[in-house]
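Here the structure is laid out as structure tokens; the discussion comes afterwards.
No lab work stands behind these numbers, since they all come straight from the coordinates. Keep in mind that what you see is a predicted model, and the values were worked out from it rather than measured. Cβ placement follows ideal geometry from the backbone for every residue including glycine, while neighbour counts extend to all protein chains displayed.
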Amino acid sequence: MAGKINKKRKELLEDIMRESLLEATRMVLAEHGWDGTTMDRVAARAGVAKGTIYNYFQDKTELMASLRGKLSQPYIDALQRIASGNGTALERLDRFVVLALEDLYLNAKLIRAIIVGHMMDRCFTLDKLTDPNIVPLKIHNILAGLITEGISSGEIKDVDPGAAATMIQGGIIEAMRQVTLFEKPMDREKLIGTFRSLLFDGIVKRGDRE
């Protein structure tokens, strides 16, 4: 019995340390960017020896991959709640797009660092692009589901859901570049308003939206 308790206690302490290291990494990444996020800085922010990090993560790539997963999950959960929530498919699609775009402005510096990390991550190989657990494919599938529902309800034109989801997602990604990589990004209200106008003029059946 005592052995089981000690094992659970050890696992709990390891989980706490792992979360502490990820939070320290998030803070360092937001402050110093990808290049400036070093194991030394993460260790200093977490208040542990540098070697402690390697007890939980093999290297910086694994540490960053874990952080990306941790940061993206609440975002994915929020999008899924919108997709399965109240309102017509069109209303939920609208809320989905607004949330995705507003998040870019709220977390611009951190997202910029993660984008750079994606570009530099040699482990982000072609086979991972078809992994249903990666963030882009999760978002694509949620979008395609909403569009399919909108087509069935007669709110959205009879388009290919997958292709439409890809186009919308591509627009969000380009907005991400505009907001996070340029020194003076477009005004938030202007960008979101323009995006919504172009989107709904393109996919909504005539007469369904003013």
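Quick notes
- Linear extension gain, Val98 paired with Ala30, 0.36 nm per residue minus alpha-carbon span: 22.2 nm
- Going from the fewest other Cβ atoms within 10 Å to the most, the residues Val179, Val48 appear in the order Val48, Val179.
- Ranked by the mean number of other Cβ atoms within 10 Å of their residues, highest first, the peptides 150-156, 81-87 fall in the order 150-156, 81-87.
- Cross-link pairs beyond the 26 Å C-alpha cut-off, checked among Lys60/Lys138; Lys157/Lys184; Lys70/Lys138: Lys157/Lys184
- Amide H contacts under 5 Å for Ile156, placed H, 5+ residues apart: Ile151, Lys205
- The gain in end-to-end length when the Arg18 to Tyr56 segment is fully stretched comes to 13.0 nm, 0.36 nm per residue minus the alpha carbon separation.
- A full extension of the chain between Thr38 and Gln178 corresponds to an added length of 47.7 nm, given 0.36 nm per residue minus the alpha carbon distance.
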